[in-house]
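Encoded as structure tokens, the structure appears first; notes follow it.
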Ligand SMILES: [Zn+2]
């Protein structure tokens with residue numbers, strides 16, 4: 001519901017609940033039964049649920065746990081409120097608690113979810129207990145409906161609360177917190193699924209009688225009254241009624257569906273405007289799904305525009321790295337991500353609904369692989385991970401906390417504030433949870449009659465009965481980057497298989513029977529294999545994964561870590577975190593060559609990283625600070641060690657020494673420009689580098705001290721012939737060096753005489769993930785169009801916060817480093833490995849070529865030239881342009897201002 005309506009939300013606040021919001025649904029009506037209406041625009045079809053069986057793997061485990069619960073839940077308890085309201089015996093059943101308690105305003109919202117889940121479970125697995133439970137419930141709902149005259153209700157009415165709530169809703173006087181059409185939508189959607197998937201004519205009859213009641217109830221209202229009513233959450237009424245039209249061919253249901261077109265929400269979306277800020281999130285998504293169904297029913301492009309714009313806006317400006325959206329159930333300001341990391345992120349229902357929307361939109365645009373990139377990311381990281389694998393009934397978390405130190409198992413206050421329970425929660429998300437986990441295989445494969453499309457990499461067996469073909473997919477993806485698809489049976493003539501190549505991969509290959517095929521496998525597209533297939537043919541798809549950072553839209557210094565489709569989170573055990581841990585992105589290392597176990601350095605200490613869907617039973621962080629790291633490491637040219645402070649002291653007098661680069665904060669030095677010199681401020685202690693007692697003697701100890709302005713705190717940078725730097729003390733004239741020219745770890749820093757000792761020369765290495773700003777133009781180094789492809793041109797661009805403006809320095813040898821782009825994972829390179837003036841700078845896979853290696857040459861103040869290891873030319877801007885979009889190129893080191901860059 002919208003914020004302007006005082007109903008359900010305020011009631012829940014009054015009762016101590018955080019709130020809620022749900023939605024239900026079903027797949028597009030497609031199995032022919034009675035007459036059907038022609039659907040516009042799509043030739044790509046899903047396979048019926050029963051055609052695809054999950055085999056051993058995480059998704060199958062989720063399904064099995066939910067199946068156990070669906071067989072266990074007490075059906076008579078679920079019928080309690082319906083029977084009581086329709087004046088039938090409750091069969092001595094105990095009433096439920098939580099959101100199905102007899103006094104809860106929108107009780108009987110959840111039963112429709114169970115009808116859908118039971119029907120899906122039977123369709124997907126053949127489970128007869130679930131089938132029988134659906135049939136029993138439908139029969140009892142028919143009895144309730146048949147008793148309406150005795151109960152004082154209109155014909156067709158069906159719910160667990162008085163019909164008078166609708167009269168109050170229409171009059172604008174409903175104040176008890178109910179969202180009555182929301183509940184009716186769930187019941188209708190559940191009945192439709194039982195009709196569609198189990199072939200129940202009784203479900204059809206109950207549904208049509210209820211739809212008839214909806215028609216009679218709403219036909220009497222003016223358009224103004226109807227629009228006012230739509231201010232109260234109503235689920236996907238437009239969706240289920242459009243489905244009913246598509247399934248029956250009866251235009252009456254389309255007209256009723258369109259009465260539920262909520263102008264205040266849909267009109268701005270039709271115009272591509274993001275007006276979501278402040279709206280209750282899951283109230284809106286079902287309306288967008290309804291818009292797609294209305295497009296299928298009418299062919300009216302505006303409906304498609306609404307849904308496509310809504311998807312773009314939601315996924316780009318309102319979604320977290322795990323694919324979920326919402327904070328405390330609401331959409332926040334566009335791009336508010338880092339500023340909205342709380343315990344109450346990512347309501348499960350929202351992602352359930354976004355996956356439905358994504359699937360629908362993809363069917364209308366099946367060449368657009370990015371739809372299923374989002375689907376995969378959200379399914380894996382949010383929806384699958386929302387189930388508790390330690391619970392044999394597979395209970396779910398309502399919110400998925402994204403605050404630092406969050407832990408799954410968080411529900412609203414009304415319902416225990418923890419995982420859902422057998423009979424005392426029944427929130428919206430519990431309903432969408434049982435639905436989600438009984439249709440996990442429904443989008444793995446699609447077809448258009450002849451072409452087979454593989455969208456998800458999940459161990460499954462597809463029985464394509466019309467063709468006598470069996471497709472067996474075997475994989476432990478995403479723990480491995482490879483999947484195997486074997487065809488057996490009647491393979492038929494020449495036909496095509498289309499395999500999604502995700503946008504995050506690089507160097508994907510597709511093989512048949514072990515031979516790599518010469519097919520285009522561009523990331524973010526479909527590889528098409530067309531051949532005369534033989535039974536036993538085996539397709540192997542390899543999708544190399546790499547570590548990348550997904551920066552928050554509103555703060556480039558905050559990012560999640562991804563590896564292929566997986567979000568990696570940090571395992572903090574039982575430790576509470578007061579703030580985002582400060583991650584050294586260059587430290588992220590995979591443990592071995594298989595699996596999803598990583599380690600990294602954060603807050604100066606090692607931390608284990610693993611896949612977020614497996615982050616169960618411990619505190620985690622999904623987002624990290626990647627900024628703190630505002631300074632530079634000073635790498636000694638003689639020893640290869642970095643300058644730090646003994647024992648990470650924060651006291652005046654702490655001795656400077658050299659140490660292996662372990663990522664601790666005392667290795668990080670900020671450059672403070674002080675006239676022609678620099679002060680070097682330690683990031684750990686805040687103190688600056690000086691000389692003991694302002695001594696001018698050789699060998700005097702170099703130490704940290706409060707930044708009190710004495711001359712020994714200033715250092716001038718001196719270029720040396722090999723490109724390293726001397727650091728000359730402004731007070732003594734001596735150089736920063738290492739005692740005795742030692743190359744040992746722990747050797748103290750001293751001031752040294754002006755000799756050619758390598759241990760008195762230093763390389764600057766920018767710490768952490770940084771933006772690189774051109775001094776002449778003020779613009780940032782970025783990648784044109786945020787490309788993730790090899791060869792993506794590197795240009796200068798305004799600071800709009802996109803992740804392609806972030807670069808992490810990876811230490812190479814000889815004072816060189818590689819600059820890795822946070823968006824693409826590729827590194828700064830020269831096109832074709834060229835060395836000539838004007839050669840274009842591009843990004844390229846990090847394969848160790850010489851043109852990928854750069855070193856910093858001090859350029860005055862806190863600016864640097866970036867010098868290529870291949871040929872020695874430096875980074876500049878074509879024509880010394882100051883325009884946004886200008887190409888970055890290689891050029892002679894001639895002192896031009898466009899050659900200077902600052903790490904910000
Ligand atoms: Zn929910």
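Do we have any residue at all in segment 617-628 that's more than 35 Å from the chain's Cα centre (by Cα) and surrounded by 24 or more Cβ atoms within 10 Å (Cβ to Cβ)? Lay out the reasoning, then the answer.
To start, the set of residues in segment 617-628 that are more than 35 Å from the chain's Cα centre (by Cα) comprises none.
Checked segment 617-628: no residue is more than 35 Å from the chain's Cα centre (by Cα) and surrounded by 24 or more Cβ atoms within 10 Å (Cβ to Cβ).
Is there a residue in segment 309-322 that is surrounded by fewer than 24 Cβ atoms within 10 Å (Cβ to Cβ), over 16 Å from the mean Cα position of the chain (by Cα) and more than 16 Å from the ligand (Cβ to nearest atom)?
yes
Suppose the filter is assigned to a loop (DSSP other than H, G, I, E, B) and either within 15 Å of the ligand (Cβ to nearest atom) or modelled with pLDDT of 95 or more (or both); does residue 421 pass it? First the steps, then the outcome.
Details: assigned to a loop (DSSP other than H, G, I, E, B): yes; either within 15 Å of the ligand (Cβ to nearest atom) or modelled with pLDDT of 95 or more (or both): yes.
Criteria met by residue 421.
Considering only residues that are within 16 Å of the ligand (Cβ to nearest atom) and under 24 Å from residue 266 (Cβ atoms), look in segment 329-345 and name the one that is surrounded by the most Cβ atoms within 10 Å (Cβ to Cβ).
Checked segment 329-345; the qualifying residue surrounded by the most Cβ atoms within 10 Å (Cβ to Cβ) is 331.
Can you confirm whether residue 450 is more than 16 Å from the ligand (Cβ to nearest atom) and buried (at least 24 other Cβ atoms within 10 Å of the Cβ)? Lay out the reasoning, then the answer.
Details: more than 16 Å from the ligand (Cβ to nearest atom): yes; buried (at least 24 other Cβ atoms within 10 Å of the Cβ): no.
Against the criterion (more than 16 Å from the ligand (Cβ to nearest atom) and buried (at least 24 other Cβ atoms within 10 Å of the Cβ)), residue 450 does not qualify.
What number of residues within segment 277-296 are assigned to a helix (DSSP H, G or I) and surrounded by fewer than 24 Cβ atoms within 10 Å (Cβ to Cβ)? Steps first, answer last, please.
So in segment 277-296, the residues assigned to a helix (DSSP H, G or I) come out as 281-296.
Narrowing further to those that are surrounded by fewer than 24 Cβ atoms within 10 Å (Cβ to Cβ): none.
Residues in segment 277-296 being assigned to a helix (DSSP H, G or I) and surrounded by fewer than 24 Cβ atoms within 10 Å (Cβ to Cβ): 0 in total.
Can you pull out the residues in segment 479-495 that are outside any strand (DSSP E or B) and closer than 30 Å to residue 547 by Cβ? Working first, answer last.
To start, the set of residues in segment 479-495 that are outside any strand (DSSP E or B) comprises 479-481, 490-493.
479, 480, 481, listed by residue number.
Consider residue 80 carefully, then state whether it is surrounded by 19 or more Cβ atoms within 10 Å (Cβ to Cβ) and assigned to a helix (DSSP H, G or I).
Numbers: surrounded by 19 or more Cβ atoms within 10 Å (Cβ to Cβ): yes; assigned to a helix (DSSP H, G or I): yes.
Judged against the criteria, residue 80 is a match.
For residue 847, are the conditions met, namely being at pLDDT below 90 and surrounded by fewer than 23 Cβ atoms within 10 Å (Cβ to Cβ)?
On the way: at pLDDT below 90: yes; surrounded by fewer than 23 Cβ atoms within 10 Å (Cβ to Cβ): yes.
In short, yes.
Scanning segment 391-418 for residues that are assigned to a loop (DSSP other than H, G, I, E, B), within 12 Å of the ligand (Cβ to nearest atom) and at pLDDT 95 or above, which turns out nearest to residue 580 (Cα to Cα)? Give the derivation first.
So in segment 391-418, the residues assigned to a loop (DSSP other than H, G, I, E, B) come out as 391-395, 397-398, 400-405, 407-409, 411-418.
In the following step, the residues that additionally are within 12 Å of the ligand (Cβ to nearest atom) were identified as 397-398, 400, 411-412, 415.
Now restrict to residues that are at pLDDT 95 or above: 397-398, 400.
Details: 397: 22, 398: 23, 400: 17 Å.
Taking the candidates together, the pick is 400.
Out of 303, 375, 352, which single residue is under 16 Å from residue 284 (Cβ atoms), crowded, with 20+ Cβ neighbours inside 10 Å and more than 15 Å from the ligand (Cβ to nearest atom)? Step through it out loud before you land on a result.
On the way: 375 fails: under 16 Å from residue 284 (Cβ atoms); 352 fails: more than 15 Å from the ligand (Cβ to nearest atom).
So the residue among 303, 375, 352 that is under 16 Å from residue 284 (Cβ atoms), crowded, with 20+ Cβ neighbours inside 10 Å and more than 15 Å from the ligand (Cβ to nearest atom) is 303.
Could you grab the pairs with beta carbons closer than 9 Å, sequence gap of 6+ or different chains, first residue in segment 395-406 and outside the structural domain of residue 425 (by TED's automatic domain parsing) and touching a residue at least 12 places away in the same chain (Cβ under 8 Å), second one part of a loop (DSSP other than H, G, I, E, B) and within 15 Å of the ligand (Cβ to nearest atom)?
none
Kindly provide the set of residues from segment 368-401 that are under 26 Å from residue 297 (Cα atoms) and touching a strand residue (DSSP E or B) at 6+ places or on another chain (Cβ under 7 Å), ordered by number.
369, 372
Here are 680, 657, 635: which of them is touching a helix residue (DSSP H, G or I) at 6+ places or on another chain (Cβ under 8 Å) and in contact (Cβ under 8 Å) with a residue 12 or more places away in the chain? Explain how you work it out, then say what you get.
Details: 680 fails: touching a helix residue (DSSP H, G or I) at 6+ places or on another chain (Cβ under 8 Å); 635 fails: touching a helix residue (DSSP H, G or I) at 6+ places or on another chain (Cβ under 8 Å).
Going through 680, 657, 635 in turn, just one is touching a helix residue (DSSP H, G or I) at 6+ places or on another chain (Cβ under 8 Å) and in contact (Cβ under 8 Å) with a residue 12 or more places away in the chain: 657.
The values are calculated or read from the model by the stated rules, or taken from the named source; none is laboratory data. Remember, it's a predicted structure, so these values are computed and weren't measured experimentally. Glycine gets a Cβ as well: all are built from the backbone with ideal geometry, and neighbour counts include every protein chain shown.
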